[in-house]
1. Can you pull out the trypsin sites (Lys or Arg not before Pro) in segment 1-103 that DSSP calls coil and that have at most 11 other Cβ atoms within 10 Å?
2. Let me spell out the model: positive unit charges on the Cβ of Lys and Arg, negative unit charges on the Cβ of Asp and Glu, origin at the Cα centre of segment 85-131. What dipole size does that give, in debye rounded to 20?
3. Looking at [x] 1.07; [y] 1.01; [z] 1.19, which value of Cα Rg over 2.2 N^0.38 Å comes from a calculation on the structure shown?
4. Given the pairs Lys5/Lys197; Lys26/Lys197; Lys72/Lys108; Lys115/Lys208, which span a C-alpha to C-alpha distance of over 28 angstrom in this model?
5. Can you give the % of DSSP beta bridges in the chain that are antiparallel, to the nearest 5?
6. Mind checking which of Leu219, Ser179, Ser155 is farthest towards the positive end of the chain's charge dipole, using Cβ charges of +1 (Lys, Arg) and -1 (Asp, Glu) about the Cα centre?
7. Run the dipole for the chain about the Cα centre, Lys and Arg Cβ at +1, Asp and Glu Cβ at -1, nothing else charged, and hand back the magnitude in debye, nearest 20.
8. Could you list the GluC sites (Glu not before Pro) in segment 138-215 that lie in coil according to DSSP, counting only those with at most 12 other Cβ atoms within 10 Å of their Cβ?
Amino acid sequence: RKIPKNKISVISNGVLDEFYLDMDRKVIERKLEERFNISLNDKKILLSVGRLVERKGFHWFVENVIPRLIEKEENFIYLIAGDGSYRTNIEKIIAEKHLEEYVKLLGKVDDEMLKLLYNIADVFVMPNILVDGDMEGFGVATLEASSCGVPVVASNLEGIRDAVVEGENGFLVELYDASGFINVIDELLKGRQKEKKRERIRRFTLEKFSWNYIGMEYLKCFVKVYEAM
C-alpha cells in the first residue's frame, strides 16, 4: 500500500494466562473420557482446535499424516475440537482409512473442556493449507496451547508465523510436507524430559506473548512516534 517500511511497526496479539490447569493428568483423562465417551488409556495425545473448514487442513492431515505416523508410533490418539462444513469430509477419510481408533472428532467444546484438552495434549497441531481468498489470521490457538506448555507443530503459513517461534514454543513445517510433520511429531512424542520442556515452553509464551509484554510494545511504539514529532 506504498507505506514506507520505517513507518510500520508490527505488534502481535497476546494471550491471557487463563488456560493452564495444575491438575493431575489422570484426573483430566477421566473427565474427558466421561464427557466424550472415548478411551484415552494413557495414550499420547495430538490435539487440534478450530473450525472444520478447508484452510485448517485437518482433512489433509488425517489423510496424509496420521496413517504414516501410525507406522512409527501406535500409542496415540488425535483429537479435533471444533465443528464446521468439512466434518463430513473428515469422517469419510477416517472411515476409508480405518482410523476410527486414532482420530476422534469432538465437535464444539465449551471453555472447561477446552482447558482440559490443552492441559492433557502432548502436541498441538495446526496443519493449515493454502486456500485462495481465505487467509489464516494470527494463530491465537497456538498461544493458548503453548501457554499450557504444549509444543506446537504448525504449517509455515500466513499469520501462524507470528505466533509460533521456531524452537521456542513450537516448530514450523512447510506446506503439505507430510514427512516433515511426521518427523517433528514423532520426535516430540518420543522426547525425553518432557516436563522440563513444557515448563520452558510455557515460560517463553507468557514472557513474549503476555498482554503485559504486548502492552509495553505498544507503549514503546507510541513513545517512538511522540519523540519523532
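The values are calculated or read from the model by the stated rules, or taken from the named source; none is laboratory data. All figures in this text were calculated on a predicted structure; none of them were measured in a lab. Note that each Cβ is placed from the backbone with ideal geometry, even for glycine, and that neighbours are counted across all protein chains shown. Areas reflect the complete protein model, heavy atoms only, side chains present, ligands, DNA and RNA absent. Shrake-Rupley method; radii C 1.70, N 1.55, O 1.52, S 1.80 Å.
1. Numbers: sites: Arg1, Lys2, Lys5, Lys7, Arg25, Lys26, Arg30, Lys31, Arg35, Lys43, Lys44, Arg51, Arg55, Lys56, Arg68, Lys72, Arg87, Lys92, Lys97; in loops: Arg1, Lys2, Lys43, Arg51, Lys72, Lys97.
Those that pass, being in a loop and sparsely packed, are Arg1, Lys2.
2. Computed about the Cα centre, the dipole is about 180 debye.
3. Structure-derived value, by its label: [x].
4. Working: Lys5/Lys197 36 Å; Lys26/Lys197 20 Å; Lys72/Lys108 30 Å; Lys115/Lys208 21 Å.
In this structure, Lys5/Lys197; Lys72/Lys108 lie more than 28 Å apart at Cα.
5. On the way: 1 of 22 bridges.
Close to 5 percent.
6. Leu219
7. Details: 35 positive and 39 negative charges, 128 e Å.
Approximately 620 debye in magnitude.
8. Details: sites: Glu144, Glu158, Glu166, Glu168, Glu174, Glu187, Glu195, Glu199, Glu207; in loops: Glu168, Glu174.
Those satisfying the criteria are Glu174.
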